[in-house]
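The values are calculated or read from the model by the stated rules, or taken from the named source; none is laboratory data. Since we're looking at a predicted model, the values are computed, not measured. Cβ coordinates were reconstructed from backbone atoms using ideal geometry, including for glycine residues, and neighbour counts include every protein chain displayed.
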Amino acid sequence: MARRTIQIDLNRVEGDLDFQLELEDNKVVDARCIGSLYRGFEQILMSRKPKDSLVITPRICGICGTAQLNAAVLALEHIGRIPVPPTAIRIRNLCLMAETVQSDLRQSFMFFTADFCHSKYVDRPFYEKARAAFLPFKGSVHRGALEHSRHIVEIIALFGGQWPHSSYMLPGGVTTPASSRHIIDSLSILNKLTRWFEQAIIGTDLDAWLAIQSADEFFTWLTAKDAHADSAIGLFTLMSRDIGLHNTGFGTPHMISYGAYDDPDDAGTFPPHRKHLFRAGFLNGDTGDIEPFEQAEITEHVRYSWFQPYQGGRHPFQGQTIPDYQPHSDRYTWCKAPRYQNKVVQTGPLADALIDGEPLIRSLYQAEGGNAWLRQFARLHRTARLLHKMRETLRELAAQPNAPHMISPDEKEIPDGEGFGLVTAARGALGHWVQITDGVISRYQVVTPTAWNASPKDSEGRHGHWESSLIGLTVDDPDDPVEIGHIIRSHDPCLVCTVHLLDTGKRITVWP
Amino acid sequence: MGTLHIVCFGNELHGDDGFGIRVYAQLCRSTWTKDVEVFNAGIAGLNALRFLEDCSQAILVDALANFGNVGEVFLLRPEDLADRPEQLTGHGLGIPYLLEALKVIREPQPDILIVGVEIAAVNPFSPGLSDETEHAIPKTVQLIRGLLSE
């Protein structure tokens, strides 16, 4: 039996993730997802003033800094029971949606679909269309995504002064009101992107597309007109299904969502009890039931991570993040292994849509399960929903031109206590857990979406979601494992993949 | 002459990959005329496109691999990178990718020059440059000054 190890580096920009895969006769028999970057923000924040988190945590990521800021401010508002006006919630939501839309469009059309142009598919009927649409820098959709995705975060710059790494959310609200100028400028940016999305991505009107409610309706729509089949989402769907991405890459059946976007109509309620526009929950993969989400059920394990060991799992309020690099042990990553109800779970747009009860995604899931194509499709479906929601949010802001954007807290400082902020970032469930003692941060624990998905094995030896989604996969050519690229990219790790083969020393680049 | 942007790339935490950022620090110690702006692009990836807008010329500074001897300073044009997209080190989306993206979003293109040094090694999480790369910093700054006075 031929056994070999493949090492896959997943970019050095935002994620710093590698995969090590063991292949036996071209079949993946073991997988290790390696977080090669020690983040260290938990230590940086220790003994600092609580509000320092609003400046420091948006630096955790160059893609989802808005989500980090939102989680940080919610945690402080939770501790201080600090009220926020509806306008501030709308501005926060608008910016968070803009950030997610950019990330989703780039992930889809600058990274995921580029793999359809791989020479392996040269004899497939779709190949010429794939190149015309998705070839990097040449294909119409790739070029369009590059041009249009970069403007949407200008909305964040309007309200936050800059993007990325902005700090405009404060306990009690945001720093800038929704002036009519900001609203008009935001609408102009949104309109331009929406027009391109309708023309190039869905080939139809946004509202009409969002009205599709079931798998049958979707597949009828797909073949009803050439414009539908030739839209980016049509091509992506037909190509994915032609090569079987709807039958692969499932991973764990359990899913969580923290719920997305605080409901401005529920502004009078303090987090974490405030309602969300998209619901929170836990999809129990064993029963198929959606159960209420309870953050107390979260634990993190470090059995296979480079941290000082402790028994079993710990809730973030008892969390400990003390680095202990042991490169020659069976520990293999800087990621902890988060678990919910002691189960391996996944998070992201597929989980969010299913838990929220979005009918089309749910119908497709019931028909075929949580496969690689559906995971990617759910991400693009979310873009459509968010473009619609952003317009609605801007309309609401415009309807109340002089509404306050800030309620100054009674107390200047955040009191001692503990709290958490849970948000939905582009890649899924993001949480900050904070404890304040004697006026300074005594514990800060961040659990990112990628920690959930890229989790290593836990104390009981169970693989994380990405790892398990690859185990059992057969690749045609271990020297050029494009199948692995499809599945890994459907999980939305950051940016490009470079594949190294350790046994031959040969290096292969999977370049988008 | 229009505006000129000097855009420095690199990651100071990864050994010689920090070369561009050290050059940036050095450039910031000098005063420049109003039509010159210096930027630290770090590992901004595609977000660095912003630094290439609103300028008629740009000088990009980064670490290089497989161009020559360690410590050697090179002056390159974008076409010199065209056939070797993976040669620049350190950043998942490197300068070749950025330049391709720039062609899509900007017309006409700014005049672009790339100034780089052949580095010894990218050592993850080992701040500090090798001696050869360190010695290349003054040469690089001098080269950039020379380009500006042309």
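Among the residues of segment A:153-183, what is the count of those that are farther than 21 Å from A:ALA71 by Cα and not charged (D, E, K, R)?
5
Under 21 Å from A:ALA178 (Cα atoms), buried (at least 24 other Cβ atoms within 10 Å of the Cβ) and touching a His at 6+ places or on another chain (Cβ under 7 Å) - does that describe any residue in segment A:77-100?
Checked against the condition, which is being under 21 Å from A:ALA178 (Cα atoms), buried (at least 24 other Cβ atoms within 10 Å of the Cβ) and touching a His at 6+ places or on another chain (Cβ under 7 Å), segment A:77-100 yields at least one hit.
When you check A:THR237 against the structure, is it over 25 Å from the mean Cα position of the chain (by Cα) and hydroxyl-bearing (Ser, Thr, Tyr), yes or no? Steps first, please.
Numbers: over 25 Å from the mean Cα position of the chain (by Cα): no; hydroxyl-bearing (Ser, Thr, Tyr): yes.
Judged against the criteria, A:THR237 is not a match.
Would you confirm whether or not segment B:22-38 contains a residue that is surrounded by fewer than 19 Cβ atoms within 10 Å (Cβ to Cβ), outside any loop (DSSP other than H, G, I, E, B) and among the small types (Gly, Ala, Ser)?
yes
Can you name the condition, by its number, that A:GLY472 falls short on among (1) over 27 Å from A:ILE60 (Cα atoms); (2) not in a loop (DSSP other than H, G, I, E, B)?
All conditions are met except number (2).
Suppose we filter A:LEU397, A:LEU380, A:LEU374, A:LEU387 for residues that are farther than 20 Å from A:ILE189 by Cα, among the aliphatic types (A, V, I, L, M) and at pLDDT 95 or above; which single one remains?
A:LEU374
Among the numbered conditions (1) of a type in the set (A, V, I, L, M, F, W, C); (2) part of a helix (DSSP H, G or I); (3) surrounded by fewer than 24 Cβ atoms within 10 Å (Cβ to Cβ), tell me where A:LEU69 comes up short.
Unmet condition: (3).
So which residues in segment B:1-48 are under 11 Å from the mean Cα position of the chain (by Cα) and hydroxyl-bearing (Ser, Thr, Tyr), if there are any at all?
Within segment B:1-48, B:TYR24 is the sole residue that qualifies.
Restricting attention to segment A:82-93, does a residue exist that is within 14 Å of chain B (Cβ to nearest Cβ), in contact with a Pro (Cβ under 7 Å, 6 or more places away or on another chain) and of a type outside the set (Lys, Arg)?
no
Does segment A:272-294 hold any residues that are under 18 Å from A:LEU96 (Cα atoms) and aromatic (Phe, Trp, Tyr), and which are they?
Answer for segment A:272-294, where residues must be under 18 Å from A:LEU96 (Cα atoms) and aromatic (Phe, Trp, Tyr): just A:PHE278.
Taking segment B:126-150 only, how many residues are farther than 20 Å from B:CYS28 by Cβ, in contact with a helix residue (DSSP H, G or I) (Cβ under 9 Å, 6 or more places away or on another chain) and outside any helix (DSSP H, G or I)?
Total meeting the criteria: 2.
Can we say A:ARG379 is among the charged types (D, E, K, R) and part of a helix (DSSP H, G or I)?
Working: among the charged types (D, E, K, R): yes; part of a helix (DSSP H, G or I): yes.
So A:ARG379 passes the test.
Show the residue pairs that are 6+ apart or on different chains and have beta-carbon atoms under 9 Å apart, the first residue being within segment A:414-433 and touching a residue at least 12 places away in the same chain (Cβ under 8 Å), the second being of a type in the set (Lys, Arg) and in a strand (DSSP E or B).
From residues that are touching a residue at least 12 places away in the same chain (Cβ under 8 Å), the pairs are A:GLU418/A:ARG443; A:TRP433/A:ARG443.
Output the qualifying pairs, or none if there are none: Cβ atoms under 8 angstrom, residues six or more apart or on different chains, first residue in segment A:173-187 and without any contact (Cβ under 8 Å) to a residue 40 or more places away in the chain, second residue among the polar types (S, T, N, Q).
A:HIS182/A:THR176
Need pairs with beta-carbon distance below 6 Å; first residue aromatic (Phe, Trp, Tyr) and within segment A:348-365, second at pLDDT 95 or above and surrounded by fewer than 24 Cβ atoms within 10 Å (Cβ to Cβ); sequence gap 6+ or separate chains.
A:TYR365/A:LEU354
Limited to segment B:114-137, what total is found for residues that are more than 14 Å from chain A (Cβ to nearest Cβ), buried (at least 17 other Cβ atoms within 10 Å of the Cβ) and within 18 Å of B:CYS8 (Cα to Cα)?
Number of matching residues: 10.
Let me spell it out: the conditions are (1) buried (at least 18 other Cβ atoms within 10 Å of the Cβ); (2) in contact with a Leu (Cβ under 8 Å, 6 or more places away or on another chain), and A:SER240 meets all of them except one. Which number is the exception?
Unmet for A:SER240, out of (1) buried (at least 18 other Cβ atoms within 10 Å of the Cβ); (2) in contact with a Leu (Cβ under 8 Å, 6 or more places away or on another chain): (2).
Among the candidates A:LEU187, A:LEU135, which residue alone is over 21 Å from the mean Cα position of the chain (by Cα) and within 14 Å of chain B (Cβ to nearest Cβ)?
Working: A:LEU187 fails: within 14 Å of chain B (Cβ to nearest Cβ).
Of the residues listed, the single one that is over 21 Å from the mean Cα position of the chain (by Cα) and within 14 Å of chain B (Cβ to nearest Cβ) is A:LEU135.
Going through A:ARG59, A:ARG32, A:ARG106, A:ARG48 one at a time, which residue ends up being assigned to a loop (DSSP other than H, G, I, E, B) and of a type in the set (Lys, Arg)?
Sole residue among the options that is assigned to a loop (DSSP other than H, G, I, E, B) and of a type in the set (Lys, Arg): A:ARG48.
Is it the case that B:LEU102 is within 13 Å of chain A (Cβ to nearest Cβ), touching a residue at least 12 places away in the same chain (Cβ under 8 Å) and not small (Gly, Ala, Ser)?
yes
For segment B:57-72, which residues satisfy the criterion of being assigned to a strand (DSSP E or B) and not β-branched (Val, Ile, Thr)?
B:GLN57, B:ALA58, B:LEU60, B:ASP62, B:ALA63, B:LEU64, listed by residue number.
On the given criteria, is A:HIS246 farther than 27 Å from A:MET97 by Cα, surrounded by fewer than 22 Cβ atoms within 10 Å (Cβ to Cβ) and at pLDDT 95 or above?
yes
From B:GLU118, B:GLU107, B:GLU86, B:GLU53, which residue is modelled with pLDDT of 90 or more, over 11 Å from the mean Cα position of the chain (by Cα) and not aliphatic (A, V, I, L, M)? So that I can check it myself, show each step before the final result.
On the way: B:GLU107 fails: modelled with pLDDT of 90 or more; B:GLU86 fails: modelled with pLDDT of 90 or more; B:GLU53 fails: modelled with pLDDT of 90 or more.
Within the list B:GLU118, B:GLU107, B:GLU86, B:GLU53, the selection yields B:GLU118.
Take A:ARG339 and tell me if it is surrounded by 14 or more Cβ atoms within 10 Å (Cβ to Cβ) and in a loop (DSSP other than H, G, I, E, B).
Criteria not met by A:ARG339.
When you go through A:HIS165, A:HIS182, A:HIS142 one by one, which is the residue that is surrounded by 16 or more Cβ atoms within 10 Å (Cβ to Cβ), under 30 Å from A:SER119 (Cα atoms) and not β-branched (Val, Ile, Thr)?
Matching residue, one of A:HIS165, A:HIS182, A:HIS142: A:HIS142.
Mind listing whichever residues of segment A:105-124 are at pLDDT below 95 and acidic (Asp, Glu)?
Hit for segment A:105-124 is A:ASP115, nothing else.
Can you tell me which of A:VAL153, A:VAL174, A:VAL122, A:VAL141 is touching a helix residue (DSSP H, G or I) at 6+ places or on another chain (Cβ under 9 Å) and either of a type in the set (S, T, N, Q) or more than 14 Å from every other protein chain (Cβ to nearest Cβ) (or both)? Spell out the reasoning first.
Values: A:VAL153 fails: either of a type in the set (S, T, N, Q) or more than 14 Å from every other protein chain (Cβ to nearest Cβ) (or both); A:VAL122 fails: touching a helix residue (DSSP H, G or I) at 6+ places or on another chain (Cβ under 9 Å); A:VAL141 fails: either of a type in the set (S, T, N, Q) or more than 14 Å from every other protein chain (Cβ to nearest Cβ) (or both).
From the options A:VAL153, A:VAL174, A:VAL122, A:VAL141, the qualifying one is A:VAL174.
Got a sec? Which of A:CYS61, A:CYS117 is in contact (Cβ under 8 Å) with a residue 40 or more places away in the chain and hydrophobic (A, V, I, L, M, F, W, C)?
Answer to the check: A:CYS61.
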